[in-house]
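One structure is given below, encoded as structure tokens.
Since every read-out is calculated from the coordinates, none of them should be taken as a lab result. Note that the structure is predicted; figures quoted are calculated from it, not measured. When we count neighbours, we look across all protein chains shown, and the Cβ atoms used for this are built from the backbone with ideal geometry, even at glycine.
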Amino acid sequence: MHLSPRISELVRAYRETEADGRRGPRFKDVALALEQEMRAPGVSDAALVECFGPPDLWNEGGFVYFFDHESPGRNRDEWFFHLADGKLTASGYNRRGINDLSFLKTRQDWPRRDA
């Protein structure tokens, strides 16, 4: 998967201080940069998984990752990535619990590569 140099640098910084299950301000930096790049040439669902790993919640129309604006690991916020035909079309965030996400699949339902 090819990521722009700017995104690659932000992902590197994210991985140095945060990780899956401990997402915080650096996660937000990468997500905002991906949002800016989605307009051209486009960001794929595979690029999101490359940057952040499997989503916490998902379906074919989008991914949700839990994070926190200030302290990695608190997971008080959620970032939505809306997808169409495998491409990012919109994204945004809010506090967890505002939206009913019960219709989404969980990370445990994410397809395994070795299966």
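Taken over the stretch 5-102, the alpha-carbon convex hull comes to 86 cubic angstrom per residue. In this rough spin-label picture, where each label sits 7 Å from Cα along the Cβ direction, the Ala46-Arg15 distance is 1.7 nm. Net length available on complete extension from Ser8 to His82 is 24.5 nm, with 0.36 nm assigned per residue and the Cα-Cα distance removed. Mind checking which of Glu18, Glu78, Glu60 has the largest fluctuation in a GNM of the chain, springs on alpha carbons under 10 Å? Looking only at Glu18, Glu78, Glu60, the largest GNM fluctuation is found for Glu60. When shorter helices are ignored and each DSSP H run of at least 4 residues is given -39500 (n - 2.57), the per-residue value for the chain at 222 nm works out to -9000 deg cm²/dmol.
Note on the chain: with a GNM built from Cα contacts shorter than 10 Å, the maximum mean-square fluctuation among Val49, Val64, Val30 falls on Val49. When +1 charges are put on Lys and Arg Cβ atoms and -1 charges on Asp and Glu Cβ atoms, the dipole computed for the chain relative to its Cα centre reaches about 180 debye.
Translational diffusion coefficient of the stretch 45-115 at 4 °C, 1.567 mPa s, Stokes-Einstein with Kirkwood Rh over Cα pairs, in µm²/s as a whole number. Could the numbers behind the result be given before it?
Numbers: Rh = 12.7 Å.
For the chosen part, D equals 102 µm²/s.
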